[in-house]
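Contents: one structure, followed by commentary.
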Amino acid sequence: MKPQITVSIVEDLDEIRNGMKELLQQSSAFLCLSCYSNAEDAAEELPALQPDIVIMDINLPGMSGINAVQSLKSRCPQIQFLMFTIYENNERVFEALKAGAGGYLLKNTPSEKILEALNEIYEGGAPMSAQIARKVVASFQQVTPAADESIRLTVKEREVLDALAKGFLYKEIADQLQINTSAVRQRIHKIYSKLHVQNSTEALNKIYKR
């Protein structure tokens with residue numbers, strides 16, 4: 001039996017926080033470990049809890065969600081952070097990704113898409129709302145890959161990384177490259193190992209030097 005994915009929520013609005021908790025409780029795939037209305041309490045307790053994923057709002061009272069991610073990621077590198085916010089401007093998006101967030105969803109995302117995003121980030125993906133993905137892709141297209149890092153990757157590994165930069169999911173990459181999803185995962189893990197990163201967002205940031 002597949003183990004449950006453990007999730008903590010950091011959101012100051014009661015209605016959204018309780019709604020997210022209820023959504024997780026309705027799915028047997030997830031276990032809601034804890035909920036917080038501010039980043040300070042989360043920063044104090046999450047290192048001991050070690051959830052697989054933290055759903056993090058940006059606009060919190062006191063410490064911002066971006067600063068919380070930056071602080072927690074340095075102490076708990078294995079935790080994946082999924083930003084859940086109303087902000088879709090470029091500056092906020094890239095601040096969050098730079099801080100260590102592995103995904104970025106807008107609060108108007110449908111419930112089923114939220115659950116899909118949690119599964120995706122758990123499996124090493126970088127889920128983003130469509131509007132955000134377009135901004136990220138457009139930004140990557142405006143910069144030149146760093147030659148010193150790119151040289152370390154094989155042609156096949158670069159194909160996978162380029163597909164990730166365009167927002168393709170693992171299955172779509174597999175179909176595009178005419179390989180199975182297991183082969184895609186193997187290449188992605190090799191990329192992470194070579195670049196000394198833990199997720200696709202960090203890999204793309206390193207290659208494209210955002």
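The values are calculated or read from the model by the stated rules, or taken from the named source; none is laboratory data. Computed from a prediction, not measured in an experiment: that's the story for all the values here. Heads up, the Cβs are rebuilt from the backbone with ideal geometry, glycines too, and the neighbour counts pull from every protein chain shown.
Per the listing Val7, Val93, the residue uniquely hydrophobic (A, V, I, L, M, F, W, C) and either in a strand (DSSP E or B) or out of contact with any helix residue (DSSP H, G or I) (no Cβ under 8 Å at 6 or more places or on another chain) (or both) is Val7.
Looking at the structure I just gave you, is Arg134 surrounded by fewer than 18 Cβ atoms within 10 Å (Cβ to Cβ) and within 17 Å of Leu164 (Cα to Cα)? For Arg134, the condition - surrounded by fewer than 18 Cβ atoms within 10 Å (Cβ to Cβ) and within 17 Å of Leu164 (Cα to Cα) - is met. When the residues of segment 168-203 are filtered to those that are charged (D, E, K, R) and within 24 Å of Ile132 (Cβ to Cβ), the one that is surrounded by the fewest Cβ atoms within 10 Å (Cβ to Cβ) is Lys171.
Conditions (1) surrounded by fewer than 22 Cβ atoms within 10 Å (Cβ to Cβ); (2) among the polar types (S, T, N, Q); (3) within 27 Å of Leu169 (Cα to Cα); (4) touching a strand residue (DSSP E or B) at 6+ places or on another chain (Cβ under 7 Å), marked per residue:
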| position | (1), (2), (3), (4) |
| --- | --- |
| Ile53 | no, no, yes, yes |
| Asn90 | yes, yes, yes, no |
| Gly100 | no, no, yes, yes |
| Leu105 | yes, no, yes, yes |
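Just checking, does segment 46-57 include any residue being acidic (Asp, Glu) and without any contact (Cβ under 8 Å) to a residue 12 or more places away in the chain? Working first, answer last.
Let us first name the residues in segment 46-57 that are acidic (Asp, Glu), namely 52, 57.
Of the ones still in play, those that are also without any contact (Cβ under 8 Å) to a residue 12 or more places away in the chain are none.
Looking for residues that are acidic (Asp, Glu) and without any contact (Cβ under 8 Å) to a residue 12 or more places away in the chain, one finds none in segment 46-57, hence no.
Residue count for segment 10-60 satisfying the condition of being farther than 21 Å from Gln198 by Cα, in a strand (DSSP E or B) and not polar (S, T, N, Q): 7. Given the condition within 21 Å of Leu115 (Cα to Cα), crowded, with 19+ Cβ neighbours inside 10 Å, among the polar types (S, T, N, Q) and in the same structural domain as Leu118 (by TED's automatic domain parsing), answer yes or no: does some residue in segment 57-77 qualify? Checking segment 57-77: not a single residue is within 21 Å of Leu115 (Cα to Cα), crowded, with 19+ Cβ neighbours inside 10 Å, among the polar types (S, T, N, Q) and in the same structural domain as Leu118 (by TED's automatic domain parsing).
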